[in-house]
Amino acid sequence: MNWLLVMAGAAVGAPLRYLTDRAAKARFGLRLPWGTFAVNVVGSFVLGLLTGVSSERLHLLLATGLCGALTTYSTFSYETLKLYEGGEKGYAVLNAAGSLAAGLGAVWLGVRTAGLL
């Protein structure tokens, strides 16, 4: 049963990641990977919110399934490397540092928000 919960969450998270990336590219262009940045920050916030959830099933569905499929470290790494190799060294550093700072800030905010609920 647990794997079904993970699969159900992933079935929502993966399309959300894809659609967010496409929308960001259409809106902001291809220069910076705003779609990957957005899903990673949102996923970090949601994971922070879920820290207080005691239901194993809800955690499997949302944290493991949804956030696992929504967020993407591998794409973040690849896009940062491509910026660097493409001569956009400043943007590569900005993407790496900004993603780390925003992700940590988002998970912290999620944890703090969960504590208020």
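The C-alpha atoms of the stretch 16-79 occupy a region whose extents along the principal axes are 41, 20, 15 Å, arranged from largest to smallest.
With runs of 4+ DSSP H residues as the only contributors, calculate the mean residue ellipticity of the chain at 222 nm using -39,500 (n - 2.57) per run, divided by the residue total and rounded to the nearest 500.
Details: 4 runs with 84 residues, N = 117.
The helix-only estimate for the chain comes to -25000 deg cm²/dmol at 222 nm.
Between Ala97 and Tyr73, the simple label model (points 7 Å from Cα in the Cβ direction) yields a spacing of 2.2 nm.
Matching the structure-derived Rg and Dmax of the Cα atoms in Å against the labelled list (i) 14.7, 49; (ii) 25.5, 85; (iii) 15.2, 48 gives the label (iii). Against the main long axis of the alpha-carbon atoms of the chain, helix 73-85 sits at an angle near 10°.
May I ask you to derive the relative contact order of the stretch 45-117, considering only C-alpha pairs under 8 Å and at least 6 residues apart, and to give it as an integer percent?
On the way: 51 pairs, mean separation 44.3, N = 73.
Worked out over the stretch 45-117, it gives 61 percent.
Just to verify a number: FRET efficiency for Leu19 and Glu88, C-beta to C-beta distance, R0 = 22 Å, to 0.05?
Working: r = 25 Å, r/R0 = 1.15.
Approximately 0.30, to the nearest 0.05.
Here the ratio of the Cα radius of gyration of the stretch 1-47 to 2.2 N^0.38 Å is 1.33. The angle between the Cα long axis of helix 2-28 and the longest principal axis of the Cα atoms of the chain comes to about 30 degrees, rounded to the nearest 10.
Just so you know, all these numbers are worked out from the coordinates, no wet-lab data involved. Treat the numbers as computed from the prediction; the structure is a model and nothing was measured. Please note: Cβ atoms are built from the backbone with ideal geometry, for glycine as well, and neighbour counts cover all protein chains shown.
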